[in-house]
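Take a look at the structure below.
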Amino acid sequence: MELRAVNTCTPSVFLKWVSHIYAFVYYACIEMYLTCKDILETVPMNPESNRFTLNLGPIDGVHVTKFPNYPDLRGRLFKVYAEGPVPSFPVRFNTFEHFFTESKKGVFRGMHFQGAPHSAAKVITIVKGSAIDFLIDIRQESPTLGSLQIESLSEMTPSSIYIPEGVAHGYISLSDGTIISYRQDVAFCGNCDGGFSGEAVSQHLPIIFANTIRSEKDLNLPALEGFEFHSRCLQ
Ligand SMILES: [Zn+2]
């Protein structure tokens, strides 16, 4: 019997892959253009009260710090926090709680915050995988109230984000097994645990948000439009 090698990379298969890649890049570029255009033009969230308007950040008090990555034959090392004369952030941070989330590709968590009287500041760090991070300023007294800040997180370029009190946070995982570290400066309080729907962000990024996986709790969060936070804690 004569054996022949089968070449699976035929011209038609090659063209099919080229067309898939072209379509992906094409739609990604369109989404990026529309996202920037919409955000930069400022989109009123509540035309009647004009309470929230989303516009592109940065947000006052948010600090993004990139860290060096030291890969070698064994794996890699990256230091994400240090105190001393040159601390990791321009503010001191006392960790009260430290926890991690692990997420499948396409998971969206957000938009979350812990409000008064037990307001929390956080430091989040990408440990593994990649994600797009979203921050929205909901502090009434803030000069950047209503600003949306978008950060790209990847294990290849380790980074942390300091999130002050009153800034809501969420992210979408872009890879399976994305791990994010959370450090919080006060204890978790279920009565002060607040949040609003990720639709505030998703309307600007429809392709990225299509078919996202969300918890029942996140799906039932109120819209940002007209949102007001009322803690169930006794003041
Ligand atoms: Zn509380």
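The values are calculated or read from the model by the stated rules, or taken from the named source; none is laboratory data. What you see is a predicted model, and the numbers here were worked out from it, not measured in a lab. Every residue, glycine among them, receives a Cβ derived from its backbone with ideal geometry; neighbour counts consider all protein chains shown.
Tell me which residues, restricted to the stretch 187-235, are surrounded by fewer than 15 Cβ atoms within 10 Å (Cβ to Cβ), among the small types (Gly, Ala, Ser) and not in a loop (DSSP other than H, G, I, E, B).
Result: Gly190, single match.
Checking the conditions here, which among Ala82, Ala121 is hydrophobic (A, V, I, L, M, F, W, C) and free of Cβ contacts under 8 Å to residues at least 40 places away in the same chain?
Values: Ala121 fails: free of Cβ contacts under 8 Å to residues at least 40 places away in the same chain.
Going through Ala82, Ala121 in turn, the sole match is Ala82.
Looking at the stretch 74-94, is at least one residue surrounded by 17 or more Cβ atoms within 10 Å (Cβ to Cβ), more than 16 Å from the ligand (Cβ to nearest atom) and of a type in the set (D, E, K, R)?
no
Within 16 Å of the ligand (Cβ to nearest atom) and among the acidic types (Asp, Glu): does that describe Asp185?
Numbers: within 16 Å of the ligand (Cβ to nearest atom): yes; among the acidic types (Asp, Glu): yes.
Judged against the criteria, Asp185 is a match.
When both residues are 6+ apart or on different chains and their Cβ atoms are under 6 Å apart, which pairs have a first residue that lies in the stretch 133-149 and is within 11 Å of Ile163 (Cβ to Cβ) and of a type in the set (D, E, K, R), and a second that is at pLDDT 90 or above and not in a strand (DSSP E or B)?
Filtered contacts from the stretch 133-149: Asp137/Ile59; Asp137/Thr144; Asp137/Leu145.
Go through the residues of the stretch 134-142 one by one and say whether even a single one is in contact with a strand residue (DSSP E or B) (Cβ under 9 Å, 6 or more places away or on another chain) and within 16 Å of the ligand (Cβ to nearest atom).
Going through the stretch 134-142, the residues in contact with a strand residue (DSSP E or B) (Cβ under 9 Å, 6 or more places away or on another chain) turn out to be 134-139, 142.
Going one step further and asking which of them are within 16 Å of the ligand (Cβ to nearest atom), we end up with none.
There is no residue in the stretch 134-142 that is in contact with a strand residue (DSSP E or B) (Cβ under 9 Å, 6 or more places away or on another chain) and within 16 Å of the ligand (Cβ to nearest atom).
Of the conditions (1) surrounded by fewer than 22 Cβ atoms within 10 Å (Cβ to Cβ); (2) under 17 Å from Gln184 (Cα atoms); (3) more than 16 Å from the ligand (Cβ to nearest atom); (4) of a type in the set (A, V, I, L, M, F, W, C), Ala121 satisfies every one except a single condition; which number is it?
So Ala121 meets the others, but not (3).
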